[in-house]
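Presented below is the structure to which this report refers.
The values are calculated or read from the model by the stated rules, or taken from the named source; none is laboratory data. Please read all numbers here as calculations on a predicted model, not as lab measurements. Positions of Cβ are generated from backbone atoms using ideal geometry, with glycine treated the same way; all protein chains shown enter the neighbour counts.
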Amino acid sequence: MDMYFEDFLKDFFGKELFETYQKNAIARLDILRDFELLKRKFKGGLKERCMVKLSYLGEYLDSKKLKELVKNHNDSNPADLKVKKKGAANLEISPKLMRSFYQPLFENIKSKVKQLIKQAESKEELIDFIFMVGGFSESKYLKSEIVNQFEREQLQILVPRRP
């Protein structure tokens, strides 16, 4: 999922600033760490606020430059994919844009789960539970997608407290 976010940043920043972002390992890690926290709490709702802190780029991305980047992005994208500048160095991402970072990954996960369920059913094995484990299982959005797709009376989705 980080790959899709970074694809967005590549387009948003432009070639020169994106290269600076890639070379500045500390700023990149800080931005990705903040994005990690954001993606874990994102629920997929269309009214959620999704804020990414870009101040880690310091002098390379001042308030004026960010305002220009926001304008360029919004001029070339539909209204539901627009972003907003918040404060000096924060970027508010629209919920639909945020959801777009998840979708390719979700499709792969759901496809793999379907495949595993079919394998079990072909051997006439019963599946009572799907356990979601790993850090990304903390995503409420992922959990809701898996529950909506697979949970039924005889198949329960479980996520441990510390997946």
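Return a yes/no flag: does the stretch 14-26 have any residue that is free of Cβ contacts under 8 Å to residues at least 40 places away in the same chain, farther than 14 Å from MET98 by Cα and buried (at least 18 other Cβ atoms within 10 Å of the Cβ).
First, the residues of the stretch 14-26 that are free of Cβ contacts under 8 Å to residues at least 40 places away in the same chain: 15-16, 18-19, 21-26.
Pick out the ones that are also farther than 14 Å from MET98 by Cα and you get 15-16, 18-19, 21-26.
Keeping just the survivors that are buried (at least 18 other Cβ atoms within 10 Å of the Cβ) gives 21.
Yes, because at least one residue in the stretch 14-26 is free of Cβ contacts under 8 Å to residues at least 40 places away in the same chain, farther than 14 Å from MET98 by Cα and buried (at least 18 other Cβ atoms within 10 Å of the Cβ).
Answer yes or no as to whether LYS112 is at pLDDT 90 or above, in contact with a Leu (Cβ under 8 Å, 6 or more places away or on another chain) and not aliphatic (A, V, I, L, M). Show your work before the answer.
Numbers: at pLDDT 90 or above: yes; in contact with a Leu (Cβ under 8 Å, 6 or more places away or on another chain): no; not aliphatic (A, V, I, L, M): yes.
No.
Pick from the stretch 24-52 the residues that are part of a loop (DSSP other than H, G, I, E, B) and more than 18 Å from LYS82 (Cα to Cα): which of them is modelled with the lowest pLDDT?
Within the stretch 24-52, the match that is modelled with the lowest pLDDT is LYS43.
Just one of the numbered conditions (1) in contact with a helix residue (DSSP H, G or I) (Cβ under 8 Å, 6 or more places away or on another chain); (2) of a type outside the set (A, V, I, L, M); (3) at pLDDT 95 or above is not true of ASP75; which one?
So ASP75 meets the others, but not (1).
Need at least 2 residues that are surrounded by 15 or more Cβ atoms within 10 Å (Cβ to Cβ) per element, so show me which strands (runs of 3 or more DSSP E) inside the stretch 71-163 make the cut, counting only ones lying wholly within it.
Hits in the stretch 71-163: 83-86, 90-93.
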